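Visitor: Submitted below is the structure of interest, expressed as structure tokens.
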Amino acid sequence: MLIGFLALAAVVTIRWVLTRVDALGRVAPFPRISVGLCLAIVLGCAVPLVVHARLEHRLERAASTVAGEPVRVHCQTVGEAFVDVGSELGYVRWGEDGVPERSTLIKSHVCGDLRAWLGSSKAHPTLDQVVAVHVLTHEVMHMTGTTDEALAECAAMGRDAETAIALGASQDEAAALAQRYRTEVYPRMPDDYRGAC
């Protein structure tokens, strides 16, 4: 859509340049409204893309810090979420050799919770925001080679505070977030996520 309206603005401008003087020698005014409308739509489409890219970049920096190596984080787009039927909150793909990729997909609503937490004071996160930070940490554990869900869950609980700090929380805020996950969420996790700690 962004490219289409940008192209339309260019076509309208080029057409005006080529036909701005009619057969009687009158100069047509520049089509400000048409071009302006197209450019406003382009800007309206570009802002969410820039916000999305900045969020992914910030999450990648934090995840790479926790992983100790460069990793990629992709936040599911609205279009991807529309056709998604999986119930997981994030995932890492594994190669045929059993080695995990160094990239993860985090579901759209989880990224929304991460974005909300990043924009907050971080002092009083919602339970969804606590879970979102943990999901990022959990997927980092998979990207670094932990294949078992219970082991990844246990390792992630031990590093949730590190992820929160990498995302801008203070030591106290990070510790409180990690403790809240451990006491309020972990006991309710499915059996295949528990038992390794």
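The values are calculated or read from the model by the stated rules, or taken from the named source; none is laboratory data. Being a predicted model, the structure only gives us computed values, none of them experimental. Ideal geometry is used to build each Cβ from the backbone, glycine not excepted, and the neighbour counts take in all protein chains shown. The accessibility values were calculated without ligands, DNA or RNA, using every heavy atom of the protein model including side chains. Shrake-Rupley method; radii C 1.70, N 1.55, O 1.52, S 1.80 Å.
Visitor: How large is the accessible surface per residue of the chain, computed with a 1.4 Å probe and reported in Å² as a whole number?
Guide: About 58 Å² of surface per residue is accessible.
Visitor: Could I ask something else about it? So between Leu2 and Ala123, what do we pick up on full extension, going 0.36 nm a residue minus the alpha carbon distance?
Guide: Here the segment from Leu2 to Ala123 would lengthen by 39.8 nm.
Visitor: Separation between the Asp97 and Gln179 pseudo-spin-labels, each 7 Å from Cα along Cα→Cβ, expressed in nm?
Guide: With each label point 7 Å from Cα toward Cβ, the separation is 4.4 nm.
Visitor: How many percent of Cα pairs in segment 7-52 exceed 18 Å?
Guide: Everything past 18 Å amounts to 43 percent.
Visitor: Using a 1.4 Å probe on the protein heavy atoms, what percent of the accessible area of the chain belongs to carbon and sulfur?
Guide: For the chain, the apolar C and S fraction of the accessible surface comes to 61 percent.
Visitor: Let me ask you something else. Looking only at Pro29, Pro187, Pro70, which one moves most when the chain is put into a Gaussian network model with springs between Cα atoms under 10 Å?
Guide: In this elastic network of the chain, the residue with the biggest mean-square fluctuation among Pro29, Pro187, Pro70 is Pro29.
Visitor: Test of understanding: in a Gaussian network model of the chain with alpha carbons linked when under 10 Å, which of Ala123, Ala164, Ala67 would top the mean-square fluctuation ranking?
Guide: Largest GNM mean-square fluctuation: Ala123.
Visitor: Here is a further query. For Cys197 and Asp84, compute 0.36 nm times the residue count separating them, minus their Cα-Cα distance, and round to one decimal in nm.
Guide: Here the segment from Cys197 to Asp84 would lengthen by 37.5 nm.
Visitor: When Cα extents along the principal axes in Å is calculated directly from the model, which label among (1) 70, 48, 30; (2) 86, 42, 30; (3) 51, 39, 28 fits?
Guide: It is the one labelled (2).
Visitor: With a ≥ b ≥ c taken as the square roots of the eigenvalues of the C-alpha gyration tensor of segment 61-169, please select rounded if a/c is under 1.5 and otherwise prolate if a/b is larger than b/c or oblate if it is not?
Guide: It comes out oblate by the Cα gyration axes.
Visitor: Expressed as a rounded percentage, what relative contact order does segment 48-197 have, with Cα pairs under 8 Å and six or more residues apart?
Guide: 22
Visitor: Rounded, prolate or oblate: which fits segment 130-197 when a ≥ b ≥ c are the square roots of the eigenvalues of the alpha-carbon gyration tensor, with rounded for a/c under 1.5 and prolate only if a/b beats b/c?
Guide: Oblate, because a/c is 1.5 or more while a/b does not exceed b/c.
Visitor: Here is a follow-up. Evaluate E = 1/(1 + (r/R0)^6) for Ile14 and Cys45, where r is the Cβ-Cβ distance and R0 equals 22 Å; express this FRET efficiency to the nearest 0.05.
Guide: E(calc), rounded to 0.05, equals 0.55.
Visitor: Let me have the 222 nm mean residue ellipticity of the chain computed from DSSP H runs of 4+ only, each contributing -39500 (n - 2.57), with the sum over all residues rounded to the nearest 500.
Guide: Value at 222 nm, helices only: -19500 deg cm²/dmol.
Visitor: Please identify the helices of the chain, taking whole runs of DSSP H, that span at least 20 Å along their own axis as judged from the Cα atoms and have a mean Kyte-Doolittle score of 0.0 or higher.
Guide: Correct list, ordered by number: 2-19, 32-67, 127-143, 149-166.
Visitor: Determine, from the Cβ-Cβ distance of Val21 and Ala116 and an R0 of 41 Å, the FRET efficiency 1/(1 + (r/R0)^6), rounded to the nearest 0.05.
Guide: With a Förster radius of 41 Å, E is 0.15.
Visitor: Related question: Select from Glu80, Glu162, Glu101 the residue whose mean-square fluctuation is largest in a Gaussian network model of the chain (Cα-Cα springs shorter than 10 Å).
Guide: Glu80
Visitor: Rounded to the nearest 0.05, what FRET efficiency do Arg32 and Met189 have when you use their Cβ-Cβ distance and R0 = 45 Å?
Guide: 0.20
Visitor: Okay, next question. Report, in whole Å, the centroid distance computed from the Cα atoms of segment 41-92 and segment 148-197.
Guide: Each part's Cα centre sits 21 Å from the other's.
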